[in-house]
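Chemist: Below: one structure in structure tokens.
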Amino acid sequence: MLVASNPLIQVTPGLMIWTIVCFLIALFVLKRYAFGPIQTAIDKRRDQIAQSIAEADNARIEARELLEQHRALIGQAKSESAEILADARKVGDAQLARVKEEAEADRVRRLEETRKQIEAETSRALDQIRTEVADLTVDATQRVVGKVLDTADHRRLVDEAIADLDFSALERGRN
């Protein structure tokens, strides 16, 4: 047998048995009081991590769904705003057209009223001119003849004077 020169490497059967017994006792104590609780803590931590990963995956999926819903809502809002703007433009154009039509109708009505007033004033002026011409004719006749005429003579002289006057220029301006 070889004898080891170092006493730490020498095989001693009694020491070896006590070392194995102490090792087994330490192994039993560690397994019973240390490895079990450590393994339980590791398993619990593994379950918590797995649950956190599952929750994170669920949260990510939910966030994607919410993002898609948000994008869809934004798209819908954009289309609704475009529709609202188009409707507002249509309403504005319709109101503008209505105002233009009303203004045109008002202008035509005022022109017609003005034309009627001008015709009425022209008729009244012509009648007034005829009356004044008749009165002037009667006055002139009385001065020239020097006598007062009766109603029949007045009427005849007025009709002759009016017949001699040319009112056609005035009546053409009226039409």
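The numbers here are math on the coordinates, done by the rules we state, and not lab data. Computed from a prediction, not measured in an experiment: that's the story for all the values here. For neighbour counting, all protein chains shown are included, and Cβ atoms are generated from backbone atoms with ideal geometry for every residue, glycine included.
Chemist: For the stretch 94-119, name all the residues that are within 33 Å of the chain's Cα centre (by Cα) and polar (S, T, N, Q).
Modeler: The answer is Gln95, and nothing else.
Chemist: Let me ask something additional. In the list Gly36, Gly14, which residue meets the criterion of being surrounded by fewer than 10 Cβ atoms within 10 Å (Cβ to Cβ), small (Gly, Ala, Ser) and more than 60 Å from the chain's Cα centre (by Cα)?
Modeler: Working: Gly36 fails: surrounded by fewer than 10 Cβ atoms within 10 Å (Cβ to Cβ).
Residue meeting the stated conditions: Gly14.
Chemist: Is there a residue in the stretch 9-25 that is among the polar types (S, T, N, Q) and not in a helix (DSSP H, G or I)?
Modeler: Looking through the stretch 9-25, at least one residue is among the polar types (S, T, N, Q) and not in a helix (DSSP H, G or I).
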